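Asks: Take this structure first; my questions come after.
The values are calculated or read from the model by the stated rules, or taken from the named source; none is laboratory data. Remember, predicted model here, so these are calculated numbers, not experimental data. All Cβ positions, even for glycine, are placed from backbone atoms using ideal geometry, and neighbour counts span all protein chains on display.
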Amino acid sequence: MTTDGGGWLLVSNVVVDDPSSRQLSIESSYREISNCRDNKALFITTDAMKELRTHLSFTQLRFHCSKQKGRTIHVTTAANSSGEAVVQYFSGQMDSRPLGCGSFKRMEDDNSRTTASCRRWRDMKWGLASVAQQRLNDHPLFLPGATHWRLTDGSQRWECDDFKKSGSEFFALSSDDFWKVFVR
């Protein structure tokens, strides 16, 4: 991948084939990332990320999701101590949620409300305190009650800078909508 200088390894991948299907495989071994390109519905757990980091000394994460009928979230963690704290959090090396603002860089195609408003994130931090193993797919970044990154197996809440709740803006799924996480 040539985004932001290249060198990115895809570690989690969901690409919608059938908008009526919400099947997602959550894998606890980093070895499953070899199936990311073929399996279009695979995310790895926090433990898998921790194991991967012992074998591959990655220093950055990249979150990228997009809905054709909606918006795009596309950020990389910053190459600084704030960005490193985010990598450690999503790799299970620390449980305290890191601060959002100053820890990431928006990519050119990011037009999301979520990343434009990091001061409005819950506690101004990444993630959700109650999520341990599914940090990459369940609220890694969100504006409470407004816009979320979220997808869980079987749930109707496959969200990318939207929120499936009455009165909130929600974009229906389309073929080729996607959620991807990379490391380098």
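Asks: From the list A48, A41, A79, which residue is crowded, with 21+ Cβ neighbours inside 10 Å and not β-branched (V, I, T)?
Replies: On inspection, the qualifying residue turns out to be A48.
Asks: Return yes when R106 is closer than 20 Å to D4 by Cα and either surrounded by fewer than 20 Cβ atoms within 10 Å (Cβ to Cβ) or not aliphatic (A, V, I, L, M) (or both) and no when it is not.
Replies: Spelling it out, R106 is indeed closer than 20 Å to D4 by Cα and either surrounded by fewer than 20 Cβ atoms within 10 Å (Cβ to Cβ) or not aliphatic (A, V, I, L, M) (or both).
Asks: Just one of (1) of a type outside the set (A, V, I, L, M); (2) surrounded by fewer than 20 Cβ atoms within 10 Å (Cβ to Cβ); (3) under 17 Å from the mean Cα position of the chain (by Cα); (4) at negative phi trips up D176, so point out which.
Replies: (4)
Asks: Which residues, taken from the stretch 5-23, are more than 17 Å from H64 (Cα to Cα) and not basic (K, R)?
Replies: Within the stretch 5-23, D17, D18, P19, S20, S21, Q23 qualify.
Asks: Then there's this: Six or more apart or on different chains, Cβ atoms under 7 Å: show the pairs whose first residue is in the stretch 120-145 and in contact (Cβ under 8 Å) with a residue 60 or more places away in the chain and charged (D, E, K, R) and whose second is surrounded by fewer than 22 Cβ atoms within 10 Å (Cβ to Cβ) and outside any loop (DSSP other than H, G, I, E, B).
Replies: Matching pairs, first to second residue: R135/T46.
Asks: Filter the helices (runs of 4 or more DSSP H) completely within the stretch 1-118 down to those with at least 3 residues that are free of Cβ contacts under 8 Å to residues at least 40 places away in the same chain and touching a Leu at 6+ places or on another chain (Cβ under 9 Å).
Replies: 81-90
Asks: Find the residue count for the stretch 20-58, including only residues that are in contact with a Lys or Arg (Cβ under 7 Å, 6 or more places away or on another chain) and over 18 Å from Q134 (Cβ atoms).
Replies: Residues flagged as in contact with a Lys or Arg (Cβ under 7 Å, 6 or more places away or on another chain) and over 18 Å from Q134 (Cβ atoms) within the stretch 20-58 amount to 1.
Asks: Checking T54 against (1) modelled with pLDDT of 95 or more; (2) more than 22 Å from V86 (Cα to Cα); (3) surrounded by fewer than 16 Cβ atoms within 10 Å (Cβ to Cβ), which single condition isn't satisfied?
Replies: Result: T54 passes all but (2).
Asks: What are the residues in the stretch 87-96 that are of a type outside the set (V, I, T) and either crowded, with 20+ Cβ neighbours inside 10 Å or at pLDDT below 95 (or both), if any?
Replies: Residues satisfying the conditions are Y89, F90, S91.
Asks: In addition: Just give me the residues in the stretch 119-134 being in a loop (DSSP other than H, G, I, E, B) and under 18 Å from D162 (Cα atoms), in sequence order.
Replies: Within the stretch 119-134, W121, W126, G127, L128 qualify.
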